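K.L.:
A single structure is presented below for examination.
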Amino acid sequence: MNNTAAQPAHPANDLARRLDILLSALALLVAARFRVLGVLSNPLWTRVTRANARLTRLLGQLAAGCLPRRRQRLPRPQSRDVTAPMPPRLPRGRAWIVRMLGYEAVGHAAQLESLLRNPATVALLAAAPTAARTLRPLCRMLGVELPPELQLPPRPPRPRPNRDKPARPAAPPHPPMRPIYPSRHPRELLIPLVPAKSIA
């Protein structure tokens, strides 16, 4: 008889299980409220299910000790047909799912926020930066505040363009004034006007 005690499951596997339950329920809610979401239901359902699958895979790799290294992003080739219509983009505002779905989305947001308050969860996500990056858009959609350890560092301020007005060119020097010459007429022709009474 083997008396060796079973090894406890890795905390990353438990976190993956809890996130899978939460995000699967959120995906079901999106599918059930497709009339409210309209054209956003399909891309939102795709975003949630893909994020769930990615988080499950990354946390499983973290539990196995074979987390992949972060790769540098490469620009995607422009192979899309430019004549095809663009798919609808999801809003980027904070808590926009809650504003559209109301109290049902509030329950999922509260569960995710409670999960992220656990220091063990924060430590696991900090050890897997790719998993934390995958979770950030979902937190923003639901209006969940991330712990400081998982927030992105503040971006450096962009250099402002120099808006100083260009220096005005120096005004050209005034042309020399023409000298005023005396009248060419002789003085004898310049007869002063005398009132008529004085002549009489």
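K.L.:
From Ala126, Ala132, Ala120, grab the single residue that is modelled with pLDDT of 90 or more and either aliphatic (A, V, I, L, M) or in a helix (DSSP H, G or I) (or both).
P.N.:
Answer to the check: Ala120.
K.L.:
Just give me the residues in the stretch 135-155 being part of a helix (DSSP H, G or I) and over 26 Å from Arg89 (Cβ atoms), in sequence order.
P.N.:
Hits for the stretch 135-155 are Pro148, Glu149.
Table: residues versus (1) among the charged types (D, E, K, R); (2) over 21 Å from Ala53 (Cα atoms); (3) exposed (fewer than 15 other Cβ atoms within 10 Å of the Cβ).
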residue: Arg99; (1), (2), (3): yes, yes, yes
residue: Leu112; (1), (2), (3): no, no, no
residue: Asn118; (1), (2), (3): no, yes, yes
residue: Leu125; (1), (2), (3): no, no, no
residue: Glu145; (1), (2), (3): yes, yes, yes
residue: Glu149; (1), (2), (3): yes, yes, yes
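The values are calculated or read from the model by the stated rules, or taken from the named source; none is laboratory data. Since we're looking at a predicted model, the values are computed, not measured. Positions of Cβ are generated from backbone atoms using ideal geometry, with glycine treated the same way; all protein chains shown enter the neighbour counts.
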